[in-house]
Amino acid sequence: MCFITVCLLSPAIVFPILFGAIVLYIRQHKQGIQFKKHTDETGKVFIVTGANSGIGKETVREFAKRGGTVYMACRDLGRCEEARLEIVKDTNNQNVFSRELDLNSLDSVRKFVAGFKREQNKLDVLVNNAGIMRCPRRLTKDGFESQLGVNHMGHFLLTNLLLDVLKKSAPSRIVVLSSVAHTKGTINFDDLNSEKSYNEIDAYSQSKLANVLFTRELAKRLEGTGVTVNALNPGSVNTELARDWNTLNGYFIRYVLKPLMWPILKTPKSGAQTSIFLSLDRDLERVTGRYFYNCQEEEPASAAKNDKTAQLLWVESEKWTSLDSSKLD
């Protein structure tokens, strides 16, 4: 429809058309940079946690499209298998596998790693994608506050137990999903498990700051190994991350605010682009210990660059997970 024709229409028709066009333009603009470089990932092995929906699922789909062998590590094996079958059909890649991994349980983490090592002797990319957000206070099976336990402690143990395979597969990569919420976070060593007081937003921000600090400290420990690790903020993405918001405020956000925010929310596919970029871009083979947003490097919050805090958090994380990293290859 040409501009002159639109002008001849009544305002009742013109305004909705113009409004719709503006909304679609804003939505398209907000999708961000898309990773379009061609790569062939045949023979490469990937693990993606939280892979049955949202960003994780789209990350798996892209790896599979490019020929990779992908392990979908999920808490709900039934939903994981449904997503796997969809991806296999979409990509015609049979080398996509669903495996159980519950980051609420350190035993589950150890079981997953043991099973993976029985099947594979290499790992090219580990994507620590799974996460929970703004939950009512509850504990993991090991007694950790759930947001810190799932978002940080579970991935901390998983990554360390897979380092021997990653080193043997070098050059290899670790990708850690954080959030802009890390900029509001503090690591409260006096009440790391939120036992004295609990605020769901503060606990989430602490866990996301822990992600970036973990990335920074791990990068130092991996110098010279050929294994890189980088963190990222995927942006505001339309995913199921709000599933735990069961308060009245949570319902308002999910059913009122979220639909209103639709024009500025990324699709899961767009939200996955920085994860895919950090996993596959050949120019990043030696880039490590950095923080990215929208497929571009950014400076994290000053608290995320505090080496002393990163070291102390590592020591505490080893204690909580009963990990002796000195005994790991």
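The values are calculated or read from the model by the stated rules, or taken from the named source; none is laboratory data. The structure presented is a predicted model; accordingly, all values stated were derived computationally and were not measured. All Cβ positions, even for glycine, are placed from backbone atoms using ideal geometry, and neighbour counts span all protein chains on display.
Values computed for the structure shown
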item: Yes/no for Phe156 being closer than 17 Å to Phe214 by Cα and among the aromatic types (Phe, Trp, Tyr); result: yes
item: Selected residue (only one of Thr140, Thr49 is closer than 24 Å to Phe214 by Cα and under 16 Å from the mean Cα position of the chain (by Cα)); result: Thr49
item: When residues of the range 130-166 are limited to those that are surrounded by fewer than 19 Cβ atoms within 10 Å (Cβ to Cβ) and of a type in the set (Asp, Glu), the one farthest from Ala272 (Cα to Cα); result: Asp142
item: Which numbered condition Leu126 fails, given (1) of a type outside the set (Phe, Trp, Tyr); (2) within 15 Å of Val70 (Cα to Cα); (3) free of Cβ contacts under 8 Å to residues at least 60 places away in the same chain; result: (3)
item: Condition broken by Glu58, with the remaining ones in (1) outside any strand (DSSP E or B); (2) in contact with an Asp or Glu (Cβ under 7 Å, 6 or more places away or on another chain); (3) buried (at least 21 other Cβ atoms within 10 Å of the Cβ) satisfied; result: (2)
item: Ser98 being part of a helix (DSSP H, G or I) and more than 20 Å from Gln273 (Cα to Cα); result: no
item: Of all residues in the range 170-193 being among the polar types (S, T, N, Q) and surrounded by fewer than 20 Cβ atoms within 10 Å (Cβ to Cβ), the one that is farthest from Gly235 (Cα to Cα); result: Asn193
item: Filtered residue count, the range 190-235, keeping only those that are outside any helix (DSSP H, G or I) and within 30 Å of Leu280 (Cβ to Cβ); result: 14
item: Filter result (in a loop (DSSP other than H, G, I, E, B) and closer than 12 Å to Val45 by Cβ) within the range 113-132; result: Gln120, Asn121, Lys122, Leu123, Asp124
item: Every residue from the range 74-108 that is loosely packed, with under 14 Cβ neighbours inside 10 Å and among the basic types (Lys, Arg); result: Lys89
item: Filter result for Ala170 (more than 16 Å from Phe292 (Cα to Cα), of a type in the set (A, V, I, L, M), over 19 Å from the mean Cα position of the chain (by Cα) and modelled with pLDDT of 95 or more); result: yes
item: Residue list for the range 61-86, filter: touching a helix residue (DSSP H, G or I) at 6+ places or on another chain (Cβ under 6 Å) and either under 14 Å from Glu41 (Cβ atoms) or not small (Gly, Ala, Ser) (or both); result: Arg61, Glu62, Ala64, Lys65, Val70, Met72, Cys74
item: Inter-residue pairs, beta-carbon under 7 Å, first under 18 Å from Ile132 (Cβ atoms) and in the range 50-70, second charged (D, E, K, R) and surrounded by fewer than 24 Cβ atoms within 10 Å (Cβ to Cβ), 6+ apart; result: Asn52/Asp76; Asn52/Arg79; Ser53/Glu240; Gly54/Glu240
